[in-house]
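Have a look at the structure below before the remarks.
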Amino acid sequence: MTEDVKNKAERVETAARQSISKPKIVICIGSSCFSRGNSKNVEVAEKFMQERGLEDEVDLEISGGLCAGKCADGPNVIVDGQIFHHVDTGVMLDILNQRFPKAG
């Protein structure tokens, strides 16, 4: 294989990997969600991802300010577009375990 063809194949492979979207978790740390406990959910999610070796496999986004528009129902967490309300640390672990079960 010529060097140009090899380089082009590597670029196509890289682009294909990047186009495959990672699962996405958004944890709101706006003032309402933060005060209701989402700061603890950030710690739970980060520890979970680290323990399962998922740091590079999941897009964990920490955001604030009307992320879900449901501040009164917080703490809010969004997983792949699905919004969860009133998420405490136990619910956070349940969501993570359901979405990312342990490999057998």
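Before moving on, here are some points about what is shown:
- Taking only alpha carbon atoms, the range 21-99 gives an Rg to Rh ratio of 0.93, where Rh is the Kirkwood radius.
- Size of electric dipole in the range 21-99: Cβ of Lys, Arg +1 and of Asp, Glu -1, about Cα centre, debye, nearest 20: 240
- Cβ-based exposure ranking for Met49, Met92, in which fewest neighbours within 10 Å come first: Met49, Met92
- Only one residue of Val26, Asn41, Pro75 has its Cα farthest out toward the positive end of the dipole of the range 21-99, where Lys and Arg carry +1 and Asp and Glu -1 on Cβ, and that residue is Pro75.
Read-outs throughout are calculated quantities, based only on the coordinates presented, and are distinct from any laboratory measurement. Fair warning: this is a prediction, and the values are worked out from it, not measured in the lab. Every residue, glycine as well, gets a Cβ built from its backbone with ideal geometry; the counts of neighbours run over all protein chains shown.
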